[in-house]
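Taking it in order: structure first as structure tokens, then the write-up.
Only the coordinates and a few stated rules stand behind these numbers; no lab work does. The structure displayed is predicted, hence computed values, not measured ones. For neighbour counting, all protein chains shown are included, and Cβ atoms are generated from backbone atoms with ideal geometry for every residue, glycine included.
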Amino acid sequence: MAKVKTSYQCSECGWQSSKWLGQCRNCKAWGTLEETIPAETADTSSRNKIAGKAPQKKALPIKEVDIADARFIPTGIGELDRVLGGGLVAGSVVLLAGEPGVGKSTLLLDVAGKIASSWANKSVLYVTGEESAAQVRLRAERIDALADNLLLAAETELENVLGHIDQCSPSLVIVDSVQTIASEQVSGQAGNVTQVRAVCSALIEVAKSRGIPILLVGHVTKSGGIAGPRVLEHLVDVVTQFEGDRHTRLRLLRAVKNRYGATDEVGCFELVERGIIGLADPSGLFLSQTSSRVPGTCVTVTLEGRRPMPTEIQALVSPLVSGGSARRTTSGLDYSRVAMTLAVLQARLRLALSNCDVYVSTVGGAKTSEPAVDLAVALAITSAAQSRPPLEKMVAIGEVSLTGEIRATVGCGRRLSEAARLGFRHALIPRLGADEVTAPKGMTLHPVTNLAEAVMIALPEGEATSK
């Protein structure tokens with residue numbers, strides 16, 4: 001009898017190796033390779049004997065295909081519908097991934113409560129594998145998600161979950177989370193590659209055959225990727241990422257993959273005591289409430305997908321009191337781009353920053369890494385170093401090159417329209433492409449070529465304040 005060859009599979013990404021290794025060579029995770037016995041492969045000679053059979057459904061001309069099954073069903077949460085493309089689609093499978101504690105369960109429980117309350121004579125099945133039914137009930141009371149048609153089941157076995165679906169015939173199924181569900185017919189513990197693939201495949205088959213939308217909660221790895229095999233992301237119809245700092249109220253929902261809509265939409269949410277609420281206008285979270293002109297601040301407008309979002313940059317420049325190297329600290333910004341901007345300010349504007357600690361941060365926990373914020377960062381640092389307040393009601397948009405040139409950015413018109421809506425009256429924009437931009441009503445555009453010109457306009461002389 002031939003000896004069965006064993007292989008080792010990574011529980012994080014699904015990479016396989018013929019021998020055990022301490023570190024996965026694909027995702028670089030340590031101690032994740034587990035021993036597996038591959039299933040017997042079919043005889044290669046039998047593959048050539050496979051014959052076709054009569055299909056159950058006849059192929060239709062594309063113009064005769066009914067599009068009713070692909071219509072969107074609103075969830076009752078506008079920001080979620082924005083990301084999904086308009087709502088849920090019958091038979092679709094949506095994967096919601098995010099770090100622990102970011103609010104995935106709270107958001108989906110709110111969705112379940114709203115849909116169960118609005119859909120007459122239709123039930124919603126919420127399957128929890130991480131918490132008890134009593135814990136979910138307490139959260140539902142806190143966020144006002146109690147509904148007569150909302151059914152709750154605490155299960156960790158796939159067969160029981162499928163049995164609940166057969167018994168209840170729900171119009172929506174939520175599984176929290178897919179990594180906690182396991183099948184008795186598949187070897188391995190819940191959460192490994194084999195189990196996640198089997199659970200996801202079974203739920204997708206139920207969704208497609210019965211036309212039931214299913215929402216799955218997924219865990220993320222230490223690197224921020226979705227845990228489990230990559231086939232999990234390929235099988236589902238929509239992959240969304242729920243992001244946010246646990247210490248701030250802001251939450252962002254992004255679509256990484258969407259078969260029914262665009263992937264450049266972003267939903268904004270605010271985490272409050274009564275749950276998570278959608279923010280149609282999140283500008284108040286990213287701008288300070290003070291009306292006075294303070295040195296070291298500058299407002300820019302970033303693009304999150306197609307959505308313009310105002311972001312205030314704050315900088316603090318403090319001279320070194322004692323010896324040692326100067327500190328460079330950033331929050332919400334790309335550290336490498338801020339370091340590059342500091343180097344450009346020292347080389348092109350002769351700004352003395354080598355003996356100063358520099359702190360640069362965004363307001364409200366906003367995170368951005370696009371080059372369009374370079375000009376606002378440079379002006380905020382210069383304003384803080386020279387104690388000169390910026391021009392009142394001003395935004396700055398543009399990328400700073402190593403030569404000090406202000407380079408053009410995409411979506412300038414949308415950024416300016418949002419700034420004008422919020423009451424800003426002055427805008428510094430790159431001179432290149434400024435002829436193609438129409439100034440919004442009540443706003444004055446200041447096209448600039450380089451950093452020196454931008455500083456002269458944004459930081460008027462003679463308005464320095466005491467440090």
Options Ser177, Ser369, Gly113, ranked by Cα towards positive dipole end of the chain, top entry (Cβ charges): Ser369
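Any idea what the relative contact order of segment 244-368 is, in percent, if you count C-alpha pairs under 8 Å spaced at least 6 apart? Before the final figure, lay out the partial values.
Details: 196 pairs, mean separation 30.3, N = 125.
Taking the mean separation of contacting Cα pairs over the length of segment 244-368, I get 24 percent.
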Radius ratio Rg over Rh of segment 137-180, counting only Cα atoms, Kirkwood formula for Rh: 0.98
Antiparallel bridge percentage (DSSP; both residues within segment 86-245; nearest 5): 5 percent
Amide proton proximity set for Arg307, modelled H, under 5 Å, gap of 5+: Val266
For the chain, size of Cβ-based charge dipole, Lys and Arg +1, Asp and Glu -1, in debye: 880 debye
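Can you pull the Kirkwood radius for the chain, inverse mean 1/r over Cα pairs, to one decimal in Å? Intermediate results must be reported in sequence, preceding the final value.
Working: mean 1/r = 0.0390 Å⁻¹.
The Cα-based Kirkwood calculation yields 25.6 Å.
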Amide H contacts of Ser123 (H built 1.01 Å from N, under 5 Å, at least 5 apart or other chain): Ser171
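Excluding the sites themselves, what is the longest stretch of the chain that contains no GluC sites (Glu not before Pro) in a DSSP loop with at most 10 other C-beta atoms within 10 Å?
Numbers: sites that count: Glu40, Glu184, Glu273, Glu461.
Counting only loop sites that pass the neighbour cut-off, the longest clear stretch is 274-460.
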Alpha-carbon centroid distance for the pair segment 72-128 / segment 344-410, whole angstrom: 40 Å
Among Gly129, Ala434, Cys13 - extreme Cα towards positive end, dipole of the chain, charges at beta-carbon: Ala434
Angle in degrees between helix 193-210 and the longest Cα principal axis of the chain, rounded to the nearest 10: 80 degrees
Spin-label pair Val272/Lys122, simplified geometry with 7 Å Cα→Cβ offset, distance in nm: 2.8 nm
In sequence order, calculated HN-Hα J values of segment 372-386 (Karplus, 6.51, -1.76, 1.60; Hz; x Gly/Pro): 5, 8, 4, 5, 5, 5, 5, 5, 5, 5, 5, 4, 5, 5, 9
Centroid-to-centroid separation of segment 419-449 and segment 141-216 [C-alpha atoms, Å]: 51 Å
Cα-projected label distance for Ala352 with Leu235, points at 7 Å along beta-carbon direction, nm: 6.5 nm
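From Cα pairs below 8 angstrom and at least 6 apart in sequence, can you work out the relative contact order of the chain, rounded to a whole percent?
Values: 972 pairs, mean separation 53.7, N = 467.
Once normalised by length, the contact order is 11 percent.
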For segment 179-185, Karplus couplings with θ = phi - 60° (6.51, -1.76, 1.60), whole Hz, Gly/Pro x: 6, 9, 8, 9, 10, 5, 8
No Cys partner within the rule (Cβ under 4.7 Å), the chain: Cys168, Cys200, Cys268, Cys298, Cys356, Cys412
FRET efficiency for Glu392 and Glu157, using Cβ-Cβ distance with R0 set to 41 Å, rounded to 0.05: 0.05
Quotient of C-alpha Rg and 2.2 N^0.38 Å, computed over segment 353-467: 1.06
Trypsin sites (Lys or Arg not before Pro) lying in DSSP loop within segment 77-134, provided at most 15 other Cβ fall within 10 Å: Lys122
Amide H partners (placed H, <5 Å) of Glu157, local residues excluded: Ala182
Karplus (6.51, -1.76, 1.60) ³J(HN,Hα), θ = phi - 60°, over segment 270-275, in Hz, Gly and Pro reported as x: 10, 8, 10, 4, 8, x
Paired Rg and Dmax values of segment 72-198, which use every Cα atom, in angstrom: 14.5, 41
Inter-probe distance in nm under a simple model that places probes 7 Å from Cα toward Cβ, at Arg414 and Lys441: 2.3 nm
